[in-house]
Each structure stands twice: as C-alpha cells, then as structure tokens.
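First the structure, in the form of structure tokens, and then the observations on it.
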Amino acid sequence: VWKLAARELGEETGVWATAAMLLFPGSIFLTAVYTESLFLLLSVTAIDAARRRAFGLAGVAAALATLTRPNGLLLGLPLAIEWLTALRRRERVGWTWPLIGLPLLALGLHSALLYQVYGDPLYFQSIQRDWGRRFSMPWNALLEFRYDPDYYAATLAALAAIYYAWRYRFALSLQAHAATSLLLP
C-alpha cells in the first residue's frame, strides 16, 4: 500500500495513507485469519502492476484476489482502464495484455466449482440471504436508517474518499477502483 501511494502521491502522503489504513478500526481483520490481508496484498499488487504496465502480473494478482473473494472481479475495471490508457498512448503492452481478463476466468472457475458442490454457480451471492443481506443501490442503505452509526460514518468516509480522488485528479483507474470497491459492497 505504501509503495503504491508513495509512487502516486509522494512518500509522505504514502506514509499517511498507510497509517490511516492501519489505524482504521476495521484493520483488525488484517491481523486475523481471514482473507482480508491476502485480498489487500493481491489487489494492491494488481493495481500497482497495471500502473507500471506489467499486465501479466496484474492479471495473475487480480485473478488470485478474485479467488479470495468474488468482488476481486472489480479489479478488472482499473486493469482495463490502464490497458486502454497504455494503448491510447501507444505504449508497448506486449503479449501479456490478455492476462487482464484472468479475474473473469477465475470467477468462472470458482462458479463452476460452486455449481458442482452446491448446485448453484452464484452460491456466494445467494448465501447472503441467510445473513439478511440483499443487493440494493448504495443510497438505499443510507436512507433506511436502520444500521449502527459506524456504518454511516464509514459510508460517508468512503464517499469523501471517492470525491477526494476525483477532486485531486487521481488516475482514472484508481478513481474507478475506489468507486466500485467502496460503493458496490
């Protein structure tokens, strides 16, 4: 995280961004035996590799992130944006550019396994109903007023982060990743 933030925004900002991430209360899950820390490592690796035009590494890291959790598929958007940016600038992308599609393949293989085991290729989504979760537009959850106050604080912080990325003209791929990974869940 520090390397990516330092490369994009400078070393001091990279330190502050990393410290903010580690001080956030939800960062406790980065120390638990969950996939959050692995997903974070693979996501940052994928985006950093795409920003450096190492599309082979980016695709493999994004595919592995997708295997840790299905929303890793969202990494395909910033990778595609970086690839299109490189293409538009006539940069050499080499033969590895098709590898940015690996997250879709990973999700397909995962869905095939879920179908074989549970008879439902989208079991990771349908099981959410057992937890009382359902898909809704991001603003619906804010307007229902039935969650803990920390939910609203985190959501407003996410919206502020998206606005900050847009306002200070972060790379389009980083803006797209921030918006999709913060708003969709």
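Only the coordinates and a few stated rules stand behind these numbers; no lab work does. These numbers come from a predicted model, not from an experiment. FYI the Cβ positions are ideal-geometry reconstructions off the backbone, even for glycines, and counts take in every protein chain you see.
Per-structure values
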item: Under DSSP loop assignment and at most 13 Cβ neighbours within 10 Å, longest trypsin sites (Lys or Arg not before Pro)-free interval of the chain; result: 1-51
item: For the range 46-54, 3J(HN,Hα) per residue [Karplus equation, 6.51 cos²θ - 1.76 cosθ + 1.60, θ = phi - 60°, Hz, x = Gly/Pro]; result: 4, 5, 4, 5, 5, 5, 8, 6, 9
item: Relative contact order (%) - criterion: Cα under 8 Å, at least six apart; region: the range 1-138; result: 17
item: Loop chymotrypsin sites (Phe, Trp or Tyr not before Pro), the range 23-108 (other Cβ atoms within 10 Å of the site Cβ: 15 or fewer; DSSP); result: Tyr34
item: Translational D in µm²/s for the chain (Stokes-Einstein at 25 °C, 0.890 mPa s, Kirkwood Rh from C-alpha pairs); result: 138
item: ³J(HN,Hα) computed for each position of the range 128-134 - Karplus, 6.51 cos²θ - 1.76 cosθ + 1.60, integer Hz, glycine/proline x; result: 4, 4, 5, 9, x, 9, 8
item: Extension gain, Leu23 back to Leu38 (0.36 nm per residue minus Cα-Cα distance, nm); result: 3.6 nm
item: Cβ-based charge dipole, the chain, positive-most Cα from Leu156, Gly101, Ala65; result: Gly101
item: Reciprocal of mean inverse Cα separation for the range 22-109 (Kirkwood radius, Å); result: 13.2
item: Most mobile listed residue (Ser173, Ser37, Ser126) in the chain, GNM with C-alpha springs under 10 Å; result: Ser126
item: Total charge dipole magnitude, the chain, about the Cα centre, Cβ charges on Lys, Arg, Asp, Glu only, Debye to nearest 20; result: 660
